[in-house]
Amino acid sequence: MKVIHTDKAPAAVGPYSQAIEVAGTLYTSGQIAINPAAGKITASDIAGQAEQCCKNLGEVLQEAGFNFENVVKTTCFLADIADFKTFNAVYEKYFVSKPARSCVAVKDLPAGALCEIELIASKN
């Protein structure tokens, strides 16, 4: 197992890694919309937060030598399912290969986030 870490994405806020690579497969932890330069969520709407989540994941992918084309599965969490359409409009700009996906509404997300995305990517 190889632990993946980049300072270009938010540091883990608990006892976990940004991502782990095993045998050509990358498993990321969920990314919320923390702006790594500010150290906090700076976007107040779902579009801005979804954009930051995707940027954070892009940095983790890049650090591990992967890209969005390598993504095979995502799991997306929304604080409000009414944001589904707006979230999708941002999501589809990054995940153009249309990986498998689950998207659910949850009661709360860390730091008051409106969305969170985790992914699995493969070089195989």
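Structure values in brief
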| item | result |
| --- | --- |
| Under Karplus coefficients 6.51, -1.76 and 1.60, residue-wise ³J(HN,Hα) of region 29-45 in Hz, glycine/proline x | 6, x, 10, 9, 8, 5, 7, x, 6, 8, x, 7, 6, 10, 8, 9, 10 |
| Between 0 and 90°, nearest 10: helix 84-94 axis offset from the chain longest Cα axis | 30 |
| Residue-wise HN-Hα coupling along region 47-57, computed from phi with Karplus coefficients 6.51, -1.76, 1.60 (Hz; x: Gly, Pro) | 4, x, 6, 4, 4, 5, 4, 5, 4, 4, 5 |
| Nearest-0.05 FRET efficiency for Ser17 and Val72, computed from C-beta distance (R0 22 Å) | 0.70 |
| Gain upon complete extension [Asp7, Ser44; 0.36 nm per residue less C-alpha separation] | 11.0 nm |
| Within region 1-82: Cβ-based charge dipole about Cα centre, in debye rounded to nearest 20 (Lys, Arg +1; Asp, Glu -1) | 140 |
| Extreme residue, positive dipole direction of the chain, given options Leu26, Val3, Ser44 (C-beta unit charges) | Leu26 |
| Calculated FRET value between Ser122 and Ile81, using beta carbons and R₀ = 22 Å, to 0.05 | 0.15 |
| Residue-span extension gain [Val106 to Lys93] - 0.36 nm each, minus C-alpha spacing | 2.3 nm |
| 19 Å tail of the calculated P(r), region 18-124, as % of Cα pairs | 38 |
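FYI, it's all coordinate maths here, none of it is from the lab. As the structure is a prediction and not an experimental result, all values here were calculated from the model. Here Cβ is always computed from backbone atoms with ideal geometry, including for glycine, and neighbour counts include all displayed protein chains.
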